[in-house]
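Please find one structure pasted underneath; my questions will follow.
The values are calculated or read from the model by the stated rules, or taken from the named source; none is laboratory data. What you see is a predicted model; the values in this text were computed from it and never measured. Backbone-built Cβ (ideal geometry, glycine too); neighbour counts: all protein chains shown. When the accessible area is computed, the model is the full protein with side chains, heavy atoms only, and any ligands, DNA or RNA have been set aside. Shrake-Rupley method; radii C 1.70, N 1.55, O 1.52, S 1.80 Å.
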Amino acid sequence: ALEARVRALEAETAAQREREAEARRALQEAQRASEAALEAAHAKAEADREKMKADLAGRMKRLLSREMQLSAAVAKVMNAEEAMEACLTCMSCMELLKNPSTCVPCGHTFCGGCLTASGGKCQECDAPPDGVQQTLKVAQLETLVAKFGFQKQARTTNATREMAFSPRVYNSTPTSDV
């Protein structure tokens, strides 16, 4: 009876060891599957990251291209405005025309005050050969000068504000530690 009991305990112990070995194998298999899934998820995340970096680089390239186009357009507008300002500037006081008056027959235009100070004579070509010179006030030119002066003041104010409050926050190349 004792021997039978020992054999039964040995058989039970052997079965227990077999179950433990099977559980270890199952645990190892589950761990390998989990590691493989984790590896696949890491590879997918890395591929997604690289794709996002490439997308960001493309967007930055397009943004910089648009910024360069915009800068070129702004430069053209600024050059046109400088040329316009030269046309609306009194050659006597070198300021924007105030009460513009045009000399006849030469067509030169000065501020009304500058023309009065010169005795009503054109300061660029002096008096005409016959000594007769007329001046005309041009209301449309006065309106144009006033509008140009207002726009110039607004642009100067906006440019100053933009430089003070809008520093560039992006770099031309994306960093790798995104």
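Looking at Ala57, Ala8, Ala75, Ala4, which is the one that is among the small types (Gly, Ala, Ser) and in contact (Cβ under 8 Å) with a residue 24 or more places away in the chain? Spell out the reasoning first.
Values: Ala8 fails: in contact (Cβ under 8 Å) with a residue 24 or more places away in the chain; Ala75 fails: in contact (Cβ under 8 Å) with a residue 24 or more places away in the chain; Ala4 fails: in contact (Cβ under 8 Å) with a residue 24 or more places away in the chain.
When all the criteria are applied, what remains is Ala57.
Is there any pair linking a residue in the stretch 81-94 that is in contact (Cβ under 8 Å) with a residue 24 or more places away in the chain to one that is open to solvent by 50 Å² or more (accessible area, probe 1.4 Å) and not hydroxyl-bearing (Ser, Thr, Tyr), with Cβ under 6 Å and at least six apart or on different chains, and which?
Ser92/Gln123
Now for a different question. Count, please, the residues in the stretch 35-54 that happen to be without any contact (Cβ under 8 Å) to a residue 12 or more places away in the chain and open to solvent by 80 Å² or more (accessible area, probe 1.4 Å). Even if it seems obvious, please write down each step before you answer.
Our first condition is that a residue be without any contact (Cβ under 8 Å) to a residue 12 or more places away in the chain; within the stretch 35-54, this holds for 35-48, 50-51, 54.
Filter again for open to solvent by 80 Å² or more (accessible area, probe 1.4 Å), leaving 35, 38-39, 42, 44, 50-51.
Residues meeting the conditions: 7.
Residue by residue, here is whether (1) modelled with pLDDT under 70; (2) assigned to a loop (DSSP other than H, G, I, E, B) holds:
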| position | (1), (2) |
| --- | --- |
| Cys106 | no, yes |
| Gly120 | no, yes |
| Leu136 | no, no |
| Glu142 | no, no |
| Ala146 | no, no |
| Thr157 | no, no |
| Asp177 | yes, yes |
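Quick check on this structure: which one of Ala21, Ala47, Ala57 is in contact with a Pro (Cβ under 9 Å, 6 or more places away or on another chain) and not aromatic (Phe, Trp, Tyr)?
Details: Ala21 fails: in contact with a Pro (Cβ under 9 Å, 6 or more places away or on another chain); Ala47 fails: in contact with a Pro (Cβ under 9 Å, 6 or more places away or on another chain).
Going through Ala21, Ala47, Ala57 in turn, just one is in contact with a Pro (Cβ under 9 Å, 6 or more places away or on another chain) and not aromatic (Phe, Trp, Tyr): Ala57.
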